[in-house]
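Okay, structure first, notes after.
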Amino acid sequence: MPTRILFLCTGNSCRSQMAEGWTRALWQGRFEAWSAGVVAKGLDARAVAAMAESGVDISEQESKLVDDLSDLTFDLVVTVCADAEASCPTWPGTALRLHRGFDDPPRLAAGATSEEDALRHYRRVRDEIRAFVASLPDVLASRPALH
């Protein structure tokens, strides 16, 4: 069975959605990815655009609340922002918890003078998340066994 991973962020609109998309694109069959947030803000259009530029379609993913997934079990819970790390619920079972924080593209893009300038932040974070997701086997190999 694939390792089940939950990516958590505050609004489940950008970073956690990117991580879910990259995991599905890079590790289909090896990891089963989900994402959720403390609140559900909806899918960020710039996150969708930035991922599409890299050939990953996240447009059909949905912004979900952590509570919506409370009946599921996960092997790994990854928080991708400090707020989610602070408010991350305790998951039943033996889920390994890991924090890997990324900058918040919407916050960084708030002062952008153009759409291109705004997307620059999304692209950088997208690429950082891709690198992290690509390293998941190595990250997990350095941790205690998941099962």
Within region 5-46, track down each residue that is over 21 Å from R124 (Cβ atoms), in contact (Cβ under 8 Å) with a residue 40 or more places away in the chain and of a type in the set (V, I, T).
-> I5, V38
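Looking at E53, is it out of contact with any Asp or Glu (no Cβ under 9 Å at 6 or more places or on another chain) and either under 15 Å from T79 (Cα atoms) or modelled with pLDDT under 95 (or both)? Show your work before the answer.
Details: out of contact with any Asp or Glu (no Cβ under 9 Å at 6 or more places or on another chain): yes; either under 15 Å from T79 (Cα atoms) or modelled with pLDDT under 95 (or both): no.
In short, no.
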Inspect region 28-50 for any residue being under 18 Å from P106 (Cα atoms), of a type in the set (V, I, T) and in contact with a Leu (Cβ under 8 Å, 6 or more places away or on another chain) and give the result as yes or no.
-> yes
What about P144, is it over 17 Å from the mean Cα position of the chain (by Cα) and either exposed (fewer than 14 other Cβ atoms within 10 Å of the Cβ) or at pLDDT below 95 (or both)?
-> yes
Filter region 79-105 down to residues that are part of a helix (DSSP H, G or I) and modelled with pLDDT under 95 and give me whichever is surrounded by the most Cβ atoms within 10 Å (Cβ to Cβ).
-> A84
Restricting to region 12-50, what's the tally of residues that are under 11 Å from the mean Cα position of the chain (by Cα) and part of a loop (DSSP other than H, G, I, E, B)?
-> 3
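Mind listing just one residue for me: the one in region 58-69 that is acidic (D, E) and over 14 Å from the mean Cα position of the chain (by Cα) and, of those, modelled with the lowest pLDDT?
The first filter runs over region 58-69 and keeps only residues acidic (D, E), leaving 60, 62, 67-68.
Add one more test, that the residue is over 14 Å from the mean Cα position of the chain (by Cα), and what stays is 60, 67-68.
Working: E60: 97, D67: 86, D68: 90.
Ranking the candidates gives D67 first.
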Return the pairs, sorted by first residue and then second, in which the second residue is exposed (fewer than 15 other Cβ atoms within 10 Å of the Cβ), the first residue lies in region 120-142 and is in contact (Cβ under 8 Å) with a residue 24 or more places away in the chain, the beta carbons are less than 6 Å apart, and the residues are 6+ apart or on different chains.
-> V125/D103
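The values are calculated or read from the model by the stated rules, or taken from the named source; none is laboratory data. None of these values were measured; they are calculated from a predicted model. When we count neighbours, we look across all protein chains shown, and the Cβ atoms used for this are built from the backbone with ideal geometry, even at glycine.
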